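Since every read-out is calculated from the coordinates, none of them should be taken as a lab result. Quantities reported herein were computed from a predicted structural model and do not represent experimental measurements. Quick reminder, even Gly has a Cβ in these numbers, built from the backbone with ideal geometry, and neighbours come from all protein chains shown.
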Amino acid sequence: MNNDKTFEEIRFEIAKKRVKNLKNYYIHLFIFSIGLVVFMAKYYLGFTINMFPINYINLNFMLVWALILGAESVSLFVTENIFGSKWEQRKIEKIIDSENESNKKVY
């Protein structure tokens with residue numbers, strides 16, 4: 001990693017990565033919603049849909065997909081509250097302070 005980056009550049013990269021992760025999550029959630037509507041139409045309303053990918057949408061497939069989406073939600077939202085940007089800010093400041101103190105002791 002390049003050590004010449006400023007603190008603001010690092011924060012911008014973190015924010016950019018977070019926005020990309022949110023965008024991917026919302027796309028995944030939208031596709032899951034479409035799959036859920038198709039699943040409901042197929043199994044609860046009795047529509048016969050015999051297209052290739054739709055044939056394989058069953059209860060097990062939807063449960064696994066929901067678990068994956070749930071895990072993605074937890075990793076995106078819950079860990080942000082625990083290890084979010086405020087936590088990162090405190091850790092970065094702590095590391096910088098400890099490096100400054102060690103540099104003062106050397107000189």
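The count of lysine pairs in the chain whose Cα atoms are under 21 Å apart, excluding pairs fewer than 8 places apart on the same chain, comes to 15.
Sequentially through segment 91-102, phi angles give Karplus couplings (6.51, -1.76, 1.60; θ = phi - 60°) of 5, 4, 5, 5, 5, 4, 4, 5, 5, 5, 5, 5 Hz, Gly and Pro residues having no value and appearing as x. Considering only 103, 57, 19, the residue lying farthest towards the positive end of the dipole of the chain is 57, judged by Cα position with unit charges set on Cβ.
Top mean-square fluctuation among 16, 94, 86, Gaussian network model of the chain, C-alpha springs under 10 Å? In this elastic network of the chain, the residue with the biggest mean-square fluctuation among 16, 94, 86 is 94.
For segment 25-38, backbone phi angles converted through the Karplus equation (6.51, -1.76, 1.60; θ = phi - 60°) give residue-by-residue couplings of 5, 5, 5, 4, 5, 5, 5, 4, 4, 5, x, 5, 5, 5 Hz, Gly and Pro being listed as x. For segment 7-106, the alpha carbon convex hull comes to 124 Å³ per residue, rounded to a whole number. Placing unit charges on the Cβ atoms only, positive for Lys and Arg and negative for Asp and Glu, gives the chain a dipole magnitude near 120 debye about its Cα centre.
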